[in-house]
Amino acid sequence: MSKKSEIKKIRCAIYTRKSTDERLDLEFNSLDSQRAAAEAFITSQKSEGWVCLPKKYDDGGFSGGDLDRPALNELLKDIAAGEVDCVVVYKVDRLSRSLFDFAKVMGQFDECGASFVSVTHQFNTTHSMGRLTLNILLSFAQFEREIIGERIRDKIAAQRKKGLWCGGQPVLGYDVDRSATSPKLVVNADEAAKVREIFDLYLKLRSLLPVVQQLEELGWTNKTWLTRKGGRRGRRAFDKGAVHSLLTNVIYVGKLRHKDQVYDGVHEPIVTQETFDAVQKMLREHRRGSGRRLVNRHNALLKGLLFCPSCGYSMIHKPTKKNSKVYRYYVCQTAIKRGYGQCQTGSIPAPAIEQAVIEGLRCLVEDEGLKSEVYEQSQRLTEKQRSKLELQLRQARAQQSRDVAELGRMDSDGLAGQLNDLRREELNQRIDKAESQVREIDVSLASLRDRHLERRDVDEALSDFDHLWSLLRPNERVQLLELLVERVEYDRNEGALEISYHPTAIASLIARDEENA
């Protein structure tokens, strides 16, 4: 038998990896370079029986910090099946940067009789010296990975302190402007209007689930963006978690969060600090249980508003049924927990006390001093609407200018390719949409300027309280009472009813009247 026939055939699989997918679309990328070097090394060992397998094991865009990589898992399966004798990589850290993970993989190699070779560090794990060298190199690779991680974390912390955007998944309401050296967040006018509407919806509906249902009816989805490969991401439907995340994101008031610290950002805010604080306060109240008033099957007007003057506890709405007829009462918590003999108030018929509160509202709206306050608050409301529209107009024009400039740069640079064509199409659509928004906002501003609210308009709006009340559905009446009334107490012994109103109660009443007009 000849010496040539005695050489054992060694089937070599080449594994390549790159941590990011940047520049992988090039004709000859980093993965190709690694494979070429490995193929050249295998060719140099041809006399030893080394043969390069045609199957590729490429992990582009996967970190070496863990083993959750499709090509690596495929390689391990083939090794276990006995199809690979030797794994060749360009550098040791291409297989793994974790000492623990590397030891785990090497254990699987040993079980299957497969060896490991690095092109730049010429050793073979079939020898004890090769194993020692491997562990030394791998320890340095893990140290390097940890140092890189520390540097990246320090850089992100420094950028956040300066209010700079550090990358990550885009959020609804902002786009990433990459025209300058450092990318920055700029307002997307169309999405920003949706963000403001979501904040207003929560303040109006006072619960996450109704907001989610309203957004589903409108067909609104979360942020959609175009990846560098031309794919579209996002477009997920809103759920309670997504709405809560949006409502608590400080980015919308021009700030950035890093761990437990909040810093002023350089980007433009979308919602006012006043609106953001009001939403956070309502969310905190609902976490503490104040949201229990939202569960109101019988549309009890004073649920959560009526308090016992003797005990100080809130009175619970308690309907009872007798002979197929429902009787409603408000009962003190002390009477429920300790017996009716322990509370002077006990229970109160619900229809009677609710009607008394409605009569109190009727008297309230007839007060001349409060009518003057309504007129002043209505003027402030009009000014707030005008400022909001002017902000939307300015953001729409700014976005349109940026898109036109980017489109001009693409044309002047002669950029071609599928990705650039998709971007051009998207920019043209955004420019057309921005033009339409500018026209609509101009019309709304003109309409607002033409609308002059006089004092007599306020008198007329409040002159017929019964008509205004009749226009509201039962659940809207409950919501209106919550807006108007802060606390109700009824002293049964004295027969005295005390109603405490919110400072802006009448303005809320006017707002409801304008909505139903």
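Looking at the stretch 156-181, which of the residues that are hydroxyl-bearing (S, T, Y) and in contact with a helix residue (DSSP H, G or I) (Cβ under 9 Å, 6 or more places away or on another chain) is modelled with the highest pLDDT?
Out of the qualifying residues, it is Y174.
Taking the stated definitions as given, is T43 in contact with a strand residue (DSSP E or B) (Cβ under 8 Å, 6 or more places away or on another chain), of a type in the set (S, T, N, Q) and open to solvent by 40 Å² or more (accessible area, probe 1.4 Å)?
Considered against the rule, which asks whether it is in contact with a strand residue (DSSP E or B) (Cβ under 8 Å, 6 or more places away or on another chain), of a type in the set (S, T, N, Q) and open to solvent by 40 Å² or more (accessible area, probe 1.4 Å), T43 comes out as yes.
Which residues, taken from the stretch 73-118, are open to solvent by 40 Å² or more (accessible area, probe 1.4 Å) and hydroxyl-bearing (S, T, Y)?
Y90
From (1) in contact with a helix residue (DSSP H, G or I) (Cβ under 7 Å, 6 or more places away or on another chain); (2) closer than 30 Å to E476 by Cβ; (3) at pLDDT 85 or above, pick out the condition that doesn't hold for R206.
(3)
Any idea how many residues of the stretch 398-415 are modelled with pLDDT under 80 and small (G, A, S)?
2
Taking the stretch 305-345 only, how many residues are within 22 Å of V357 (Cα to Cα) and charged (D, E, K, R)?
So the count comes out to 2.
Here are the criteria: (1) among the charged types (D, E, K, R); (2) surrounded by fewer than 17 Cβ atoms within 10 Å (Cβ to Cβ); (3) within 43 Å of the chain's Cα centre (by Cα). Tell me which single one E354 does not satisfy.
Here E354 clears every test but (2).
Every residue in the stretch 139-149 that is open to solvent by less than 90 Å² (accessible area, probe 1.4 Å) and hydrophobic (A, V, I, L, M, F, W, C), please.
Selection gives A141, I147, I148.
Is it the case that some residue within the stretch 461-476 is under 30 Å from Q392 (Cα atoms), under 39 Å from the mean Cα position of the chain (by Cα) and either open to solvent by less than 70 Å² (accessible area, probe 1.4 Å) or at pLDDT 75 or above (or both)?
Checked against the condition, which is being under 30 Å from Q392 (Cα atoms), under 39 Å from the mean Cα position of the chain (by Cα) and either open to solvent by less than 70 Å² (accessible area, probe 1.4 Å) or at pLDDT 75 or above (or both), the stretch 461-476 yields at least one hit.
Give the residue, chosen from E498, E514, that is of a type in the set (D, E, K, R), open to solvent by 20 Å² or more (accessible area, probe 1.4 Å) and modelled with pLDDT under 80.
That would be E514, the only listed residue that is of a type in the set (D, E, K, R), open to solvent by 20 Å² or more (accessible area, probe 1.4 Å) and modelled with pLDDT under 80.
Can you give me the ranges of the strands (runs of 3 or more DSSP E) entirely in the stretch 1-100 with at least 1 residues that are modelled with pLDDT of 90 or more and of a type in the set (D, E)?
Once the strands (runs of 3 or more DSSP E) in the stretch 1-100 are filtered for at least 1 residues that are modelled with pLDDT of 90 or more and of a type in the set (D, E), what remains is 57-60.
Could you check how many residues of the stretch 315-333 are open to solvent by less than 20 Å² (accessible area, probe 1.4 Å) and closer than 22 Å to E285 by Cβ?
2
Testing V250 on (1) in contact with a Lys or Arg (Cβ under 8 Å, 6 or more places away or on another chain); (2) modelled with pLDDT under 90, one condition comes back false. Which one is that?
(2)
Of these, Q395, Q429, which one is modelled with pLDDT of 80 or more and open to solvent by less than 40 Å² (accessible area, probe 1.4 Å)?
Just a single option satisfies the conditions, and that option is Q395.
Of a type in the set (A, V, I, L, M, F, W, C) and modelled with pLDDT under 80: does that describe V357?
Judged against the criteria, V357 is not a match.
Which of the numbered conditions does G163 fail, given that it passes all the others? Conditions: (1) open to solvent by less than 70 Å² (accessible area, probe 1.4 Å); (2) farther than 18 Å from Q392 by Cα; (3) not in a loop (DSSP other than H, G, I, E, B).
Only one criterion is unmet by G163, namely (3).
Check the stretch 150-158 and report whether any residue there is touching an Asp or Glu at 6+ places or on another chain (Cβ under 8 Å), aliphatic (A, V, I, L, M) and open to solvent by less than 30 Å² (accessible area, probe 1.4 Å).
no
Of the residues in the stretch 168-206, how many are among the small types (G, A, S), buried (at least 19 other Cβ atoms within 10 Å of the Cβ) and over 22 Å from E440 (Cβ atoms)?
So the count comes out to 0.
Select, from E27, E48, the only residue that is over 49 Å from the mean Cα position of the chain (by Cα) and open to solvent by 70 Å² or more (accessible area, probe 1.4 Å).
Answer to the check: E48.
Going through the stretch 242-257 one residue at a time, which ones are of a type outside the set (S, T, Y) and either part of a helix (DSSP H, G or I) or open to solvent by 40 Å² or more (accessible area, probe 1.4 Å) (or both)?
A242, V243, H244, L246, L247, N249, V250, I251, V253, K255, R257
The values are calculated or read from the model by the stated rules, or taken from the named source; none is laboratory data. Predicted model, so just to flag it, every value in this text is computed and none were measured. Note that each Cβ is placed from the backbone with ideal geometry, even for glycine, and that neighbours are counted across all protein chains shown. Accessible surface areas use protein heavy atoms only, side chains included; no ligands, DNA or RNA. Shrake-Rupley method; radii C 1.70, N 1.55, O 1.52, S 1.80 Å.
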